[in-house]
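What follows is a set of notes on a single structure, which appears directly below.
The values are calculated or read from the model by the stated rules, or taken from the named source; none is laboratory data. These numbers were taken from a predicted model, which means no experiment stands behind them. Cβ: placed from backbone, ideal geometry, glycine included. Neighbour counts: every protein chain shown.
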Amino acid sequence: MDKIKNPWTHKDGYNCFGCSPDNPIGLHLHFYEDGDDVVATWQPGANFQGWLNTLHGGITSTLVDEVAGWVVTRKLQTTGVTARLEMRFARPIATNAGPLTVRARITGQRRQFVNISATVNDADGNTCATGEVVYRTFNAEVAAEMGFTECELEHE
């Protein structure tokens with residue numbers, strides 16, 4: 001797996017809850033490219049729980065939403081916004097166990113709408129949640145207005 005460079009680092013106003021390294025209450029996610037997939041690992045903590053030692057479903061949904069955005073950023077070299085997010089929760093996620101793996105890939109595209117499937121697996125490899133995301137991508141002009149230029153791997 002190759003680490004993806006964060007193209008937003010050092011951009012004025014960048015404070016994403018999911019991926020900004022400087023957001024004091026954020027998830028601080030880092031992303032990797034693994035073939036067609038974009039992958040992140042993340043260790044949940046007690047401050048993200050909904051129930052005792054259990055990850056809040058909204059945080060699980062945020063993980064899926066964030067990895068979907070990074071699929072668009074890396075694989076399609078643009079930006080966009082979530083148009084639809086559908087989650088299925090298969091099992092509770094412990095906040096006091098090992099790291100989670102969040103993995104997503106493009107499953108279809110029609111005009112500016114991209115379908116992305118994602119999974120959230122626990123440290124034992126169990127699928128705890130799945131998500132289907134429809135992302136509305138922006139054309140190059142709009143992406144540039146948002147400060148996007150390109151999304152590279154660290155070794156590029």
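Here are the numbers:
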quantity	calculated
Single residue of the stretch 80-117 satisfying the filter (polar (S, T, N, Q) and over 13 Å from the mean Cα position of the chain (by Cα)) that is nearest to V142 (Cα to Cα)	Q112
Residue match in the stretch 21-39 (condition: out of contact with any Lys or Arg (no Cβ under 7 Å at 6 or more places or on another chain), polar (S, T, N, Q) and either more than 29 Å from A140 (Cβ to Cβ) or touching a residue at least 60 places away in the same chain (Cβ under 8 Å) (or both))	no
Given (1) touching a residue at least 60 places away in the same chain (Cβ under 8 Å); (2) in contact with a Lys or Arg (Cβ under 7 Å, 6 or more places away or on another chain), number of the condition K5 does not satisfy	(2)
Test: residue in the stretch 12-27 that is in contact with a helix residue (DSSP H, G or I) (Cβ under 7 Å, 6 or more places away or on another chain), at pLDDT 95 or above, assigned to a loop (DSSP other than H, G, I, E, B) and of a type outside the set (A, V, I, L, M, F, W, C)	yes
Residue in the stretch 137-151 that is surrounded by fewer than 16 Cβ atoms within 10 Å (Cβ to Cβ) and in a strand (DSSP E or B) present	no
Unmet criterion (only one of (1) under 26 Å from E156 (Cα atoms); (2) buried (at least 18 other Cβ atoms within 10 Å of the Cβ); (3) hydroxyl-bearing (S, T, Y)) for T41	(2)
Pairs where the first residue, in the stretch 58-69, is at pLDDT below 95 and the second is charged (D, E, K, R), C-beta under 9 Å, 6+ apart	none
Count of the stretch 8-42 residues which are under 26 Å from T107 (Cα atoms) and of a type in the set (V, I, T)	3
Answer residue from the stretch 1-15, given it is among the hydrophobic types (A, V, I, L, M, F, W, C) and closer than 17 Å to T149 by Cβ and is nearest to the chain's Cα centre (by Cα) among those	I4
Qualifying positions in the stretch 87-112 - assigned to a loop (DSSP other than H, G, I, E, B) and surrounded by fewer than 16 Cβ atoms within 10 Å (Cβ to Cβ)	A90, R91, N96, A97, G98, P99, R111, Q112
Subset of the stretch 50-60 that is surrounded by fewer than 18 Cβ atoms within 10 Å (Cβ to Cβ) and in a helix (DSSP H, G or I) - its residue that is farthest from the chain's Cα centre (by Cα)	G57
Restricting the stretch 16-49 to residues that are of a type outside the set (D, E) and more than 28 Å from D124 (Cα to Cα), the residue that is nearest to the chain's Cα centre (by Cα)	C16
Selection count, the stretch 113-126, where residues are loosely packed, with under 14 Cβ neighbours inside 10 Å and not small (G, A, S)	2
